[in-house]
Amino acid sequence: MSVRRAAPPRPRSRIAGPAAGASPGTSPASNGTFASASSLAAVPGAGQLVPGGVAHDPHRRVILLSDTRSGAIHAITPASQRVFARLPRVPGQRGDAATAPVVGADGSIWVTRPGGGRDGALFRITPSAHVVELPLSNQAAIRSAVAIDDAAGIVFTAAHAGTEGWISAHALDGEVERVYPGFQHPVGLARVGHALLVADRRAASVFSLDLRWSVPVKVCLHDHLPGLISLTRADDLSALATSYDATTNLGQVHRLWLDGRQQLVARGSWEPRGAATDGTRVFLSTRDASRLTVLPALGPLLEMPTLESVLRSLEQSRVSRVSPPPAPVTLDPDRTEPLPRLVGHRTRTGKLQRFADVRDRM
């Protein structure tokens, strides 16, 4: 199969990241375009492929890119690309064939098929590229994201139907163990530290579920994030979120910490489909682009920027308004019940929300 190698697009963008000589943890902004950033091998079938989510695979040392049209999972390196696996297609179905892949500790790849409200599915792709579909009790729900907790042997899927959204926790055989309701339109999941982060597009917020409790507490970590598209783990303390504002044609990549801090990594006139990191670089897939863009925008991910450096970066990026981050959450792991009040954190209703341990019988 021939591969068409098209030149990368050249929309204006602004990338915020550590500059030469910058001290650890600082992130002064710098002007740039996609042309000034490096790129990986051309995405195959440009014009036919619809780029979806992206993930860094440390086992195979490749970048995984899902095709939302064909269901193929592409493995891309700086010099080559190939189809690693392909999800089974549903006869008569168009689009919504694959979401962002997630790589487990054993090298397995987990991915969902949204299904358009009738054929939602959860898949495990083995290290030998064998595709296994796990049974779901509710295929009518749109499965928009997946995350994995390797230590607990739990796979999480984000689902929504109509105006209701929820997170399902599955055993590795696909059986639903519990459900966390109370969301509207979850589009991204990330297992970060002790929490499961949930990006809710309709709520324009990223929530945290503290999984150390038998009855997890839902906390709004970041709000005022309209047009959320994806969420992926960056390290044990933070995640990367992408968003797109259709009214201004402005795409953004944010780095979000568990303690409420955030950093604007990149923005420009492009529509992001997903972002991933290998620890220092950000790999960005965008709609209608023939290449994956590599942004050298992150320093060591364990170096936490100061509030002053984040504010300075946002000011230089011409962000006119920013709210001071809330104080870190302090939880007592010896307690068996959630703390009655978390100082410094907000929810959209001003209250904390608990979830019942229920089965997914919808």
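The values are calculated or read from the model by the stated rules, or taken from the named source; none is laboratory data. Everything numeric here is computed off the predicted structure, so don't read it as measured data. As a convention, Cβ positions derive from the backbone with ideal geometry for all residues, glycine included, and neighbour counts pool all protein chains shown.
Summed over the stretch 268-290, residues that are among the hydroxyl-bearing types (Ser, Thr, Tyr) and in contact with a Gly (Cβ under 6 Å, 6 or more places away or on another chain) total 1.
When the stretch 258-270 is filtered for residues that are buried (at least 21 other Cβ atoms within 10 Å of the Cβ) and more than 17 Å from PRO296 (Cα to Cα), the ones remaining, listed by number, are GLY260, ARG261, GLN262, TRP270. The residues in the stretch 228-274 that are in a strand (DSSP E or B) and aromatic (Phe, Trp, Tyr) can be counted, and the count is 2.
Taken over the stretch 271-287, the criterion of being more than 17 Å from THR248 (Cα to Cα) and surrounded by fewer than 21 Cβ atoms within 10 Å (Cβ to Cβ) is satisfied by ASP278, GLY279, THR280, ARG281. The residues listed here are SER214, SER208; of these, the one that is of a type in the set (Gly, Ala, Ser) and either in a loop (DSSP other than H, G, I, E, B) or farther than 16 Å from LEU258 by Cα (or both) is SER214.
Pairs are defined by a Cβ separation below 8 Å, a sequence spacing of at least 6 or placement on different chains, a first member in the stretch 187-206 that is on the phi > 0 side of the Ramachandran plot, and a second member that is surrounded by 24 or more Cβ atoms within 10 Å (Cβ to Cβ); the pairs so defined are ALA204/LEU228. Could you check, for the stretch 214-222, whether at least one of its residues is at pLDDT below 95, of a type in the set (A, V, I, L, M) and closer than 26 Å to ARG287 by Cα? Within the stretch 214-222, none of the residues are at pLDDT below 95, of a type in the set (A, V, I, L, M) and closer than 26 Å to ARG287 by Cα.
Pairing each residue of the stretch 268-295 that is more than 19 Å from ALA79 (Cα to Cα) with any residue that is buried (at least 24 other Cβ atoms within 10 Å of the Cβ) and of a type in the set (D, E, K, R), provided the two are 6+ apart or on different chains, yields C-beta distances under 8 Å for THR286/ARG273; ARG287/ARG273. For the stretch 147-165, a residue qualifies if it is assigned to a loop (DSSP other than H, G, I, E, B) and out of contact with any Gly (no Cβ under 6 Å at 6 or more places or on another chain), and the qualifying residues are ALA151, ALA152, GLY153, GLY162, THR163. Listed by first and then second residue, the pairs linking a residue in the stretch 101-130 that is closer than 19 Å to ARG69 by Cα to a residue that is assigned to a loop (DSSP other than H, G, I, E, B) and charged (D, E, K, R), with Cβ atoms under 6 Å apart and 6 or more places separating them unless they lie on different chains, are PRO114/ASP96; GLY116/ASP96.
From the list SER66, SER168, SER144, exactly one residue is under 26 Å from ARG201 (Cβ atoms), assigned to a strand (DSSP E or B), in contact with a Phe, Trp or Tyr (Cβ under 8 Å, 6 or more places away or on another chain) and hydroxyl-bearing (Ser, Thr, Tyr). Which is it? Answer to the check: SER168. Does ALA141 meet the test of being small (Gly, Ala, Ser) and free of Cβ contacts under 8 Å to residues at least 40 places away in the same chain? Answer is no for this residue.
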